[in-house]
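Only one structure is covered here, and it is reproduced in the block below.
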Amino acid sequence: QVQLVESGGGLVQAGGSLRLSCAASGRTFSSYVMGWFRQAPGNEREFVGYISRTGGTTYYADSVKGRFTISRDNAKNTVYLQMNSLKFEDTAVYYCAADRNLGTTPGHYDYWGQGTQVTVSS
């Protein structure tokens, strides 16, 4: 069982930056692939990116590639989402998720955080 808690969301102007954190409970954090997803009102939950168990592999959606970076600190049981050059269309609730294997669909992930709101003003 893994419990996930996101933090770091807020209001930012277009072009600005935010860093989200996702803290995980338990001693097996390094056993999990960590994914980030987002959901805007009226939209389906959308894949943002994932990072492998060791952090050696990352993969991003085309919509955020080159602007967002995922990293993790297994000693701190935490995964991060650094978001730069934010756009209005990045406004959404952002979720972290955990699973034993790599995946890009919400249904693939077993554990979810409660989400944190990111609002980008134009």
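The values are calculated or read from the model by the stated rules, or taken from the named source; none is laboratory data. Model, not experiment: these values are computed from the prediction. So basically every Cβ, Gly included, is an ideal-geometry build from the backbone, and we count neighbours across all protein chains shown. Just so you know, the surface numbers come from the protein's heavy atoms only, side chains and all, with ligands and any DNA or RNA stripped out. Shrake-Rupley method; radii C 1.70, N 1.55, O 1.52, S 1.80 Å.
Report in % the part of the accessible area of the chain that belongs to carbon and sulfur, leaving out ligands and nucleic acids; probe 1.4 Å.
Numbers: 2790 of 6130 Å².
The value for the chain is 46 percent carbon and sulfur by accessible area.
Could you calculate the FRET efficiency of Lys65 with Asp99 from 1/(1 + (r/R0)^6), where r is the beta carbon distance between them and R0 is 22 Å, rounded to 0.05?
Approximately 0.55, to the nearest 0.05.
Give me P(r) over the stretch 6-70, computed from all C-alpha to C-alpha distances, binned every 10 Å, as integer percentages.
For the stretch 6-70, the binned pair fractions read 17, 48, 30, 5 percent.
Just round it to a whole percent: the fraction of Cα-Cα distances in the chain exceeding 19 Å.
Everything past 19 Å amounts to 39 percent.
Excluding ligands, DNA and RNA, what is the solvent-accessible area per residue of the chain at a probe of 1.4 Å, expressed in Å²?
Dividing the accessible area of the chain by its residue count gives 50 Å².
Using a 10 angstrom cutoff on alpha carbons, build the Gaussian network for the chain and name the most mobile of Gly66, Gly42, Gly15.
Taking springs between Cα atoms under 10 Å, the residue moving most is Gly42.
How high is the FRET efficiency from Lys87 to Glu44, r the C-beta distance, R0 22 Å, rounded to 0.05?
Numbers: r = 19 Å, r/R0 = 0.86.
It comes to 0.70.
Relative contact order (percent) for the stretch 48-122, with alpha-carbon contacts under 8 angstrom and 6 or more residues of separation?
Averaging sequence separation for qualifying contacts and normalising by length gives 25 percent for the stretch 48-122.
Over all directions, average the projected area of the Cα convex hull of the stretch 54-99 and note it in nm². Provide the component values of the computation, followed by the final result.
Details: hull surface 15.6 nm².
If you wrap the Cα atoms of the stretch 54-99 in a convex hull and average its projections, you get 3.9 nm².
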